[in-house]
Amino acid sequence: MVVVMQEGVSEEKIQHVIDRLVSFGFDVHRSTGASHTVLGAIGVHPEFDTRDIELLDGVREVMRITQPYKLASRAFRSEGSVIDIGPGVRFGGPEIVVAAGPCAVESSDQIFRIAEGVFRLGARILRAGAFKPRTSPYSFQGLGEAGLKLLREAADRFGLLVVSEVMDPSQVEMIQSYVDLMQVGARNMQNYHLLRALGEVRKPVLLKRGMSATIEEWLLSAEYIMSGGNYNVILCERGIRTFETSTRNTLDIAAIPAIKKLSHLPIIADPSHGTGRRDRVAPMARAAVAAGADGLLIEVHHDPEHALSDGAQSLYLEQFGQLMTELRIIAPAVGRRMA
């Protein structure tokens, strides 16, 4: 249920409404928009009479939310959320933010060379994995905390922010000390213990769509994080598993405008995992921006042929530079600009 307060209502009246909702057994989440305060009342109370709240002083209207996800819904927050990652970098505003880097941190020389390259070409965030959930147990699994230290050092040298994946609740405290944005990978989208742990911190979270997840299931995963009090969630469309075999996954571009209608959360696209081939990354990145994506997650490597993971879907630095040039042309055509 959503309670919309009148414009300019006093804090005392807002608190009175919150207290009343709590007395009825609701868990209350507050959202302050440009002109109105909105209270999200979470809880299943079919017998509840909304008039008990509608008649309170300062209440403009009360609406029941029919979707199973409440806090992630547009009904809870009508305007799109803007998530602040760090100095000058925000997802959901007029700027399109690009995070770029290798699939995994492999060595000091590798991550510093790539960080310098993507910074020079316009990326604002350095992406790379230190803990790698691989399909095969024999594949490179990442450098762990040592990789995070290298990632942070490389990003700091060039004024970049950092996004990297967290795989387990036990890692949250350690990883958040190194990164600006914690990534939940596709395999962990429905790891509810992890999602609840991320709800207890205030570090922004990048939530990737599961390989076989519906949009509703994806938003419900975001709801797990938000219900814990962390509203700093960014969604990432990274491709879903379909019957098609010519690409690694099927990048669901249509999910971008669908999310924009259903949810206030920012959404970005990962065309690297979405296609699995570097020759298809740029076309799908351009399409994602045209469809309304708030940002991109791009794999870039200075020597993809010798990458320890996902080299086939990693762009050369020169290709990444060309893509950024193209995006600076496309963005203004859809009312956006490149960060």
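To keep it simple, each residue is scored yes or no on (1) charged (D, E, K, R); (2) closer than 22 Å to residue 197 by Cβ; (3) touching a residue at least 24 places away in the same chain (Cβ under 8 Å).
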residue: 226; (1), (2), (3): no, yes, yes
residue: 231; (1), (2), (3): no, yes, yes
residue: 236; (1), (2), (3): no, yes, yes
residue: 244; (1), (2), (3): yes, no, no
residue: 251; (1), (2), (3): no, no, yes
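Yes/no matrix, rows are residues, columns are (1) within 17 Å of residue 297 (Cα to Cα); (2) aliphatic (A, V, I, L, M); (3) modelled with pLDDT of 95 or more; (4) surrounded by 24 or more Cβ atoms within 10 Å (Cβ to Cβ):
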{"position": "114", "(1), (2), (3), (4)": "yes, yes, yes, yes"}
{"position": "119", "(1), (2), (3), (4)": "yes, no, yes, no"}
{"position": "131", "(1), (2), (3), (4)": "no, no, no, no"}
{"position": "137", "(1), (2), (3), (4)": "no, no, no, no"}
{"position": "157", "(1), (2), (3), (4)": "no, no, yes, no"}
{"position": "162", "(1), (2), (3), (4)": "yes, yes, yes, yes"}
{"position": "165", "(1), (2), (3), (4)": "yes, no, yes, yes"}
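For residues in the stretch 1-37 being hydroxyl-bearing (Ser, Thr, Tyr) and surrounded by fewer than 11 Cβ atoms within 10 Å (Cβ to Cβ), which is modelled with the lowest pLDDT?
My answer is 35.
Sort out which residues of the stretch 25-39 are out of contact with any helix residue (DSSP H, G or I) (no Cβ under 9 Å at 6 or more places or on another chain) and in a strand (DSSP E or B), and write them in order of number.
Of everything in the stretch 25-39, those that are out of contact with any helix residue (DSSP H, G or I) (no Cβ under 9 Å at 6 or more places or on another chain) and in a strand (DSSP E or B) turn out to be 31, 32, 38.
Given the criteria modelled with pLDDT under 95, part of a strand (DSSP E or B) and surrounded by 17 or more Cβ atoms within 10 Å (Cβ to Cβ), does residue 97 qualify? Give the derivation first.
On the way: modelled with pLDDT under 95: no; part of a strand (DSSP E or B): yes; surrounded by 17 or more Cβ atoms within 10 Å (Cβ to Cβ): yes.
Answer is no for this residue.
Could you tell me which residue of the stretch 226-264 is surrounded by the fewest Cβ atoms within 10 Å (Cβ to Cβ), considering only residues that are charged (D, E, K, R) and part of a helix (DSSP H, G or I)? First the steps, then the outcome.
From the stretch 226-264, those charged (D, E, K, R) are 237-238, 241, 244, 248, 252, 260-261; that's our starting set.
Next cut, part of a helix (DSSP H, G or I) only: 260-261.
Details: 260: 18, 261: 7.
Across the stretch 226-264, the extreme among qualifying residues is 261.
Among the residues of the stretch 325-336 satisfying the criterion of being among the small types (Gly, Ala, Ser) and surrounded by fewer than 17 Cβ atoms within 10 Å (Cβ to Cβ), which is nearest to the chain's Cα centre (by Cα)?
Narrowing the stretch 325-336 to residues among the small types (Gly, Ala, Ser): 331, 333, 335.
Still in the list and also surrounded by fewer than 17 Cβ atoms within 10 Å (Cβ to Cβ): 333, 335.
Working: 333: 24, 335: 21 Å.
The qualifying residue nearest to the chain's Cα centre (by Cα) is 335.
For the stretch 287-295, check the following and say yes or no: at least one residue is outside any helix (DSSP H, G or I) and of a type in the set (D, E, K, R). It would help to see each step written out before you state the result.
First, the residues of the stretch 287-295 that are outside any helix (DSSP H, G or I): 292-295.
When the remaining residues are screened for being of a type in the set (D, E, K, R), the result is 294.
Yes, because at least one residue in the stretch 287-295 is outside any helix (DSSP H, G or I) and of a type in the set (D, E, K, R).
Give 198, 206 a once-over and let me know the one that is of a type outside the set (Phe, Trp, Tyr), part of a helix (DSSP H, G or I) and within 15 Å of the chain's Cα centre (by Cα).
On the way: 206 fails: part of a helix (DSSP H, G or I).
Going through 198, 206 in turn, just one is of a type outside the set (Phe, Trp, Tyr), part of a helix (DSSP H, G or I) and within 15 Å of the chain's Cα centre (by Cα): 198.
Can you tell me which residue in the stretch 314-324 is surrounded by the fewest Cβ atoms within 10 Å (Cβ to Cβ), limited to those that are under 24 Å from the mean Cα position of the chain (by Cα) and assigned to a helix (DSSP H, G or I)? Steps first, please.
First, the residues of the stretch 314-324 that are under 24 Å from the mean Cα position of the chain (by Cα): 314-315, 320-321, 323-324.
Checking which are assigned to a helix (DSSP H, G or I) leaves us with 320-321, 323-324.
Working: 320: 28, 321: 17, 323: 24, 324: 20.
Filtering the stretch 314-324 for residues that are under 24 Å from the mean Cα position of the chain (by Cα) and assigned to a helix (DSSP H, G or I), the one surrounded by the fewest Cβ atoms within 10 Å (Cβ to Cβ) comes out as 321.
Provide a single number: the residues in the stretch 38-71 that are surrounded by 13 or more Cβ atoms within 10 Å (Cβ to Cβ), within 16 Å of residue 262 (Cα to Cα) and hydroxyl-bearing (Ser, Thr, Tyr).
Residues flagged as surrounded by 13 or more Cβ atoms within 10 Å (Cβ to Cβ), within 16 Å of residue 262 (Cα to Cα) and hydroxyl-bearing (Ser, Thr, Tyr) within the stretch 38-71 amount to 1.
When residue 310 is evaluated against the numbered criteria (1) under 21 Å from the mean Cα position of the chain (by Cα); (2) under 27 Å from residue 198 (Cβ atoms); (3) of a type outside the set (Phe, Trp, Tyr); (4) surrounded by 19 or more Cβ atoms within 10 Å (Cβ to Cβ), which criterion, by number, is the only one it fails?
All conditions are met except number (1).
Given the residues 312, 307, 285, which is the only one that is closer than 17 Å to residue 125 by Cβ and touching a residue at least 12 places away in the same chain (Cβ under 8 Å)? Don't jump to the end; show me each part of the working.
Numbers: 312 fails: closer than 17 Å to residue 125 by Cβ; 307 fails: closer than 17 Å to residue 125 by Cβ.
Step by step, each of 312, 307, 285 is checked, and only 285 is closer than 17 Å to residue 125 by Cβ and touching a residue at least 12 places away in the same chain (Cβ under 8 Å).
The values are calculated or read from the model by the stated rules, or taken from the named source; none is laboratory data. Keep in mind that this is a model prediction, so the values were computed, not measured. For neighbour counting, all protein chains shown are included, and Cβ atoms are generated from backbone atoms with ideal geometry for every residue, glycine included.
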